[in-house]
Amino acid sequence: MKTMILIIFSLFLLWSCTTTQVPQQTVKSSAGIEQSSDSSEYELIVIDPGFENWFLTNKKPIWNNPKEFYEYWNRLYITEWNHRCRTSQNPAFDTEIMYDSSIDYGTELNHKLYHYFIFFQKKHNIQLIENKHTY
């Protein structure tokens, strides 16, 4: 009897946690940048362990530099990243980043992407490009 009550309670709990909203479709690129199908907002998804904690404790304020600063450095970093992806045997560069400089990804995404490159360089002890603005 206890087992039957537990099963019914579990099913009720599962049913009450479900939503009736239709999930929003997203398009995911190889760079981990997601875009909602009905929106022009983008989100950067970083799978590298430790980045989120590092980002929260080491990032500079988003207003520290203009969006153009982040876009400029991201173009340089991505160009070098993709070059190494095509020519290097290093498994750290296993996927090219699809970043279209004609798309406005917004300051927040560019800020986070810029900091990912800083994190990556520190974690792997690899210098992608000469950048005197890093930490």
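Rule-based calculations on the coordinates, nothing more; no lab input. No experiment lies behind these values; they were computed from the predicted model shown. When we count neighbours, we look across all protein chains shown, and the Cβ atoms used for this are built from the backbone with ideal geometry, even at glycine.
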If R0 is 30 Å, what FRET efficiency do you get for N131 and E41 from their C-beta distance, rounded to 0.05?
0.65
Suppose each label sits 7 Å from its Cα in the direction of the beta carbon; what would the E108-N53 distance come out to in nanometres?
2.4
Return S88, S102 ranked ascending by Cβ neighbour count within 10 Å, so the fewest neighbours appear first.
S102, S88
Going fewest to most other Cβ atoms within 10 Å around each Cβ, I118, I45 line up as I45, I118
Given C-alpha coordinates of region 44-120, what is the ratio Rg to Rh with the Kirkwood estimate of Rh?
0.96
Run the numbers for T87 and F69: contour at 0.36 nm per residue of separation, minus the present Cα-Cα distance, in nm.
3.7 nm
Once you have the Cα-Cα distance between E96 and H124, take 0.36 nm times their residue separation minus that, and quote the gain in nm to one decimal.
8.3 nm
